[in-house]
1. For segment 1-77, run through the trypsin sites (Lys or Arg not before Pro) and keep only the ones in DSSP coil with at most 12 other Cβ atoms within 10 Å of their Cβ.
2. Roughly how many whole Å is it from the C-alpha centroid of segment 39-71 to that of segment 1-34?
3. Note the angle between two axes, namely the Cα long axis of helix 7-18 and the longest principal axis of the Cα atoms of the chain, as a number of degrees from 0 to 90, rounded to the nearest 10.
4. Apply 1/(1 + (r/R0)^6) to the Cβ-Cβ distance of Ile51 and Leu24, taking R0 = 30 Å, and write down the FRET efficiency to the nearest 0.05.
5. Using Cα atoms only, what is the angle between the long axis of helix 51-88 and the major principal axis of the chain, expressed in degrees (0 to 90) to the nearest 10?
6. Within the chain, how many Lys pairs sit with Cα atoms under 19 Å apart, leaving out pairs fewer than 8 places apart on the same chain?
7. Over the Cα atoms of segment 21-92, each weighted equally, I'd like the Debye log10 I(q)/I(0) at q = 0.12, 0.22 Å⁻¹, rounded to two decimals.
Amino acid sequence: MNKKLNREEALSLLQRTYKPGVTLPILMTLIGIAVYGGLWLDIKDGHYNRIGLFSAVIAPLMIVIGSIWTAFIFRMFQYKKELRDYKKDPARYEW
């Protein structure tokens with residue numbers, strides 16, 4: 001696609017292509033906090049029958065949440081780099 005785009009269209013295309021959404025990381029973090037909070041409430045109230053279940057769910061969930069935030073930060077840095085490169089030399093980009 002060798003189309004000549006103006007500056008606003010090009011920036012919009014870069015944003016749609018590279019800028020990550022923050023909805024999934026926030027949603028997964030809220031879910032993780034809810035499960036983690038449930039574990040602590042059960043411990044505080046003395047209900048020890050679900051500790052194993054909560055612990056089995058929390059451990060992989062924390063790994064997933066960390067991976068999602070790491071990917072988000074990596075994609076945000078990639079977006080900012082592409083934006084800087086485009087602003088530095090827009091003629092280099094072919095659409």
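1. Lys3, Lys4
2. Each part's Cα centre sits 30 Å from the other's.
3. The angle comes out at about 30 degrees.
4. That gives a FRET efficiency of 0.60.
5. On a 0 to 90 degree scale, this one is about 10.
6. Counting lysine pairs in the chain gives 8.
7. Taking Cα atoms of segment 21-92 as identical point scatterers yields -0.49, -0.91.
No lab work stands behind these numbers, since they all come straight from the coordinates. It should be emphasised that the depicted structure is a prediction, and the values quoted were computed from it without experimental measurement. Here the Cβ is made from the backbone with ideal geometry for all residues, glycine too, and neighbour counts use every protein chain on show.
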